[in-house]
Structure formats: structure tokens, C-alpha cells
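Visitor: Have a look at the structure that comes next, please.
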Amino acid sequence: MVARVITVDPFDIVVFGATGDLAKRKLLPALYERDLAGQIPPEARIIGVSRRPMTREEFQALARDAVEDRDGIDTTEAERLARFLDRVDYVAVDAVSDEGWDDLAARLDDGGDRIRVFYLAVGPDLFDDICSRIGAHKLVTPKSRVVVEKPVGKDLDSARAVNEAVGKVFREEAVFRIDHYLGKETVQNLMALRFANALFEPIWNNAHIDHVQLTVAESLGVAGRAGYYDTAGALRDMVQNHMLQLLCLVAMEPPVSMDADAVRDEKLKVLKALVPMNEKTTPTLTVRGQYRAGASSGGAVAGYLDELGSPESDTETFVALKAEIANWRWAGVPFYLRTGKRLASRVSEIVVAFRPIPHSVFDNQAGPLMANRLVIRLQPDEGVKLWLMIKDPGPGGMRLQHVPLDMSFAEAFGVRNPDAYERLLMDVVRGNQTLFMRRDEVEAAWKWIDPILDAWRASREPPKPYTAGTWGPSAAIALIERDGRTWMDD
């Protein structure tokens, strides 16, 4: 099967922080892949921006290295790589002064009235400075968009401040708050499974679903991000954005269409329906942990404090929590979320566990009956499993087995699975905000997260230790097992 590629309109993308890790690991390789696929028109340009003095040729060499260092990228066609690098330009600009901004304005003026994308691949402390100077130097056109990377604030007040700073220069319709998890193929297929099939939507409710599990596990530690991570922690870094967005897509009502605001209206309703936590309920509904030295990927690994280079820290590298949604569809259905660093394996998945059948017609010799479950795997191998009870083949009576109908996207479609950033960058150029967070979504998520952070601070209880290479603190197992359920590692 051949993937259909639709060329986007001519554009200039200005990447602030172009010499940083995000640009080198994700943005430049993603843009190269879209160019290789023929999706980027000949006139399009990629303009790197940072404080570092650098010639165009030096930045092109950096871009070449970024592309060639990325696993799975085809760089064998030298002519196509040269074509991509010919699009790449560079301007040295100081975000906190007016130095270099006139040069950037002159470079953009050369592009005429094409789409302009300003990508803020920098820390949120620079959003205000950059946006105000974009406005002051009159770089915003009717076809301009700005892409804001997470974290959008560290709590509700700071999120509002970030949104206000960006909103002074760009109207809301031009602001793209990016969450790369929403660009994953399987996440979008969750909507296709729910809303394009008569099989699931009639049973997508508390009458048929027992509970839902969301897991985003990483086998790596904080590595070079220790400085940032210690100011954020797993709740801010993963739950407030990635995991709550996944929860919204699982739990939202069918939108009237796939229009961006129709989808985001329904996600907002879910966030507003989340049952708030407080100092009394947080200790029983959440678990926070921090990894110690252990083993991962066949070798010994250091603990979080050793990687941080500090004798103490209250920052959590693991979170498990039980969330509830107070509406008719989901009343009584718990949503269990867990995420962490240095866990047993790298896996991100959604498990929808259905209720057991109400009555078995089979005798004991048939074996135990297991409840159906739908597993949507986001990484590492994107796919969908539907676990069913079937008869074990052969004579000898009725013997039942619990087996999955397993679909791997790579095997089923036989095409390369694009990185999430490839899809999201092209959606920005198109002006399609469906997979991006709206301002009220971000602030509603923080309204739910802030009381948890406040309760943790008030309790002064340190994170529970867990050994690297395990599935987190034992309290996380107790969190779900006291409800008579267990974590499912499919």
C-alpha cells in the first residue's frame, strides 16, 4: 500500500533554538523526511535562528549531521539531501535584545506573502521576549503561525502568563501548542476505531468497560535533561500534557465533525469533568516515586540522585494515579495512569479493559474466562490488539484460550511510519489545529494538576524509592490491586 502525499503550500519555517537538541533530533530530520517524500514545495525555506554566530554553510553542515545521525533515515540519495540542505538558511538573533532582528526581517521579506511558521524550540522563559520582538519588528502576517513547545508553564498561573505573552502578538487561531504524542499514528487511529466503526462506540461506556489503563514507560534515565527535569518532575513533564491528552481522546464524546474546535470542545469537557483531588484524597489516589541504582538494558545504571549530581531531591521520576470522570458515560470507571523513567521497558499503550461476561455457559474444563480488552500500542511497535476468547483448535472438548487479534501498522500497511513531528509540522503549515492544544485545554489541565502538586508539597513526604529496571514503587501496584485489578503489560 502506498501512502498518499499531498503537497503543502509554500512556506518559510523559522526555528528559534535551531542549534539545540530538539531541532537536531526531531525538527530537521522530520523536515528532511517530508522533503524526501515530495511534500514540501520547491520554494519552501528553513531558517535556523539562535544566538550563536554561524555562517549559512556551518548551519547546513549541522543540519546534514542531524539528518545523517537519525536512525532509519535514507540519506543514500545525495542529490535529494543536497536539495534539502539548499533550503536551509541561518540568521544569528538575540532573543533578549534587538540584535539580528533586522537581518531576520530582511530574510523573510525575500519570501514574499508565503506562510510563515515561527517554531519556538526554546525554553518557555524566552517565549515572551521572542514573541514581543516578532511583533515589534512587524514579522507577523495574516499567514503567520507560531508553534509553542511544552512545557506551557509550570502551573496554572505561569501557563496563563505564557498564553498571555504569546496572545499579545498572535491570535489564538495562529497558536499551535504542540504535543508530539497526538501526532502518533496510533493515537489518531484511536479516533478512527471509535468513530468509524459500529463495533466499538455502542459499548464505549460504563455499562461495558470496567476500567482504562494508560502507561507511558521509559527505560532511560534523565541523562542530559537532569537540570530541567529536576524543576519539572514526571507529573508536569508527562501527565499534565501527554497523558491527559490521551485520556481525553479515550473518554471524549463523539464530536460533530473532525473540525479542530469540534474535537477540542469535547476534550475540554473531559478535562472539566475530572474529579478534583485535594490534600485528603491525593495520598490514596496518587503514588510518586524516584529511581535508585539498578539494571537496565543488560547493564548497571545509576540512580536519579547520582545522575543529578545531588545528595537529595524531592522530584518524582514516577507517577501513578487513579482518575475519575464525573459524567454519565464514565461514572464508576476508573482511569489508571502511570509514567516513569528507568522502568522495566520502553512502552506507551492504552488498555481498555471490558467487563467480564455476565454468565458462563461453559463447564470448568473449558478453562478460565478472561475479559476482553483492547490494547492500543503507541510505541515502540505501533499497533492494535483485541484480546478475545476462542476455542483451542482440535478434538477433545471445548477448551478456551485468550488470544489477541494483533495488527501491527508496519506489517499491515507495509509503509514507513512517519515520525509524529513530520505530521504535526505539515499540519501547522496547513493551519489544521485538530492535533494541537487550545489555550483553555492547557489551563483546564493545570487546574486539575495544581491541587495534586499542592497536596504533595503540603505532605512533605518524599518520593518512594524504586529500583531501576522495575515497574516502579510497590505502592503503584497496591494502588490498582486494592480495587481488585492489576496492571496489564501486554
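The values are calculated or read from the model by the stated rules, or taken from the named source; none is laboratory data. Here the structure is a predicted model, which means the values were calculated and not measured. Glycine also receives a Cβ, built like all others from the backbone with ideal geometry; neighbour counts cover every protein chain displayed. Ligands, DNA and RNA are excluded from the accessible area calculation, which covers all protein heavy atoms including side chains. Shrake-Rupley method; radii C 1.70, N 1.55, O 1.52, S 1.80 Å.
Visitor: Tally up the residues in region 11-54 that are within 25 Å of ASP129 (Cβ to Cβ) and among the hydroxyl-bearing types (Ser, Thr, Tyr), please.
Guide: Selection size over region 11-54: 2.
Visitor: Among the residues of region 251-261, which ones are open to solvent by less than 20 Å² (accessible area, probe 1.4 Å) and in a helix (DSSP H, G or I)?
Guide: ALA251, ALA260, listed by residue number.
Visitor: Under the condition of being within 16 Å of ASP314 (Cα to Cα) and of a type in the set (Asp, Glu), which residue from region 216-250 is most open to solvent (accessible area, probe 1.4 Å)?
Guide: Looking at the filtered set, the residue picked out is ASP230.
Visitor: Identify, please: which residue in region 129-176 is in contact (Cβ under 8 Å) with a residue 40 or more places away in the chain, within 24 Å of the chain's Cα centre (by Cα) and part of a helix (DSSP H, G or I) and is, among those, nearest to VAL428 (Cα to Cα)?
Guide: Per the stated criteria, the residue is GLU173.
Visitor: Looking at region 194-211, which of its residues are in contact with a helix residue (DSSP H, G or I) (Cβ under 9 Å, 6 or more places away or on another chain), surrounded by 13 or more Cβ atoms within 10 Å (Cβ to Cβ) and not acidic (Asp, Glu)?
Guide: Within region 194-211, ARG194, PHE195, PHE200, TRP204, HIS208, ILE209, HIS211 qualify.
Visitor: Consider PHE118 carefully, then state whether it is open to solvent by less than 50 Å² (accessible area, probe 1.4 Å), hydrophobic (A, V, I, L, M, F, W, C) and more than 30 Å from ILE452 (Cβ to Cβ).
Guide: Judged against the criteria, PHE118 is a match.
Visitor: Restricting attention to region 455-469, which residues are under 21 Å from SER296 (Cβ atoms) and either hydrophobic (A, V, I, L, M, F, W, C) or surrounded by 19 or more Cβ atoms within 10 Å (Cβ to Cβ) (or both)?
Guide: PRO463, TYR466, ALA468, GLY469
Visitor: Ok, one more. Which helices (runs of 4 or more DSSP H) does region 16-105 wholly contain that include 1 or more residues that are open to solvent by 30 Å² or more (accessible area, probe 1.4 Å), within 21 Å of LEU139 (Cβ to Cβ) and not aromatic (Phe, Trp, Tyr)?
Guide: By residue number, 56-68.
Visitor: I'd like the full set of residues that are among the hydrophobic types (A, V, I, L, M, F, W, C) and either farther than 16 Å from MET488 by Cα or surrounded by fewer than 19 Cβ atoms within 10 Å (Cβ to Cβ) (or both), limited to region 345-385.
Guide: Passing the criteria: VAL347, PHE354, ILE357, VAL361, PHE362, ALA366, LEU369, MET370, ALA371.
Visitor: While we're here: Report, by residue number, each residue of region 168-187 that is closer than 21 Å to SER132 by Cα, out of contact with any Cys (no Cβ under 9 Å at 6 or more places or on another chain) and open to solvent by 30 Å² or more (accessible area, probe 1.4 Å).
Guide: Passing the criteria: ARG171, GLU172, GLU173.
Visitor: If only one of PHE335, PHE354, PHE409 is among the aromatic types (Phe, Trp, Tyr), out of contact with any Leu (no Cβ under 7 Å at 6 or more places or on another chain) and modelled with pLDDT of 80 or more, which one is it?
Guide: PHE354
Visitor: Looking at this structure, is THR215 under 19 Å from the mean Cα position of the chain (by Cα), closer than 19 Å to ARG346 by Cα, assigned to a strand (DSSP E or B) and polar (S, T, N, Q)?
Guide: So THR215 fits the description; yes.
Visitor: Same structure again: Looking only at region 455-490, count how many residues are among the hydroxyl-bearing types (Ser, Thr, Tyr), within 14 Å of LYS341 (Cβ to Cβ) and either in contact with a Cys (Cβ under 7 Å, 6 or more places away or on another chain) or part of a loop (DSSP other than H, G, I, E, B) (or both).
Guide: Residues in region 455-490 being among the hydroxyl-bearing types (Ser, Thr, Tyr), within 14 Å of LYS341 (Cβ to Cβ) and either in contact with a Cys (Cβ under 7 Å, 6 or more places away or on another chain) or part of a loop (DSSP other than H, G, I, E, B) (or both): 0 in total.
Visitor: Turning to a different aspect of this structure: For region 296-335: of the residues being of a type in the set (D, E, K, R) and over 23 Å from ILE449 (Cα atoms), which is nearest to the chain's Cα centre (by Cα)?
Guide: Checking each candidate, the answer is GLU307.
Visitor: Would a scan of region 436-453 turn up a residue that is in contact with a strand residue (DSSP E or B) (Cβ under 9 Å, 6 or more places away or on another chain) and in a strand (DSSP E or B)?
Guide: yes
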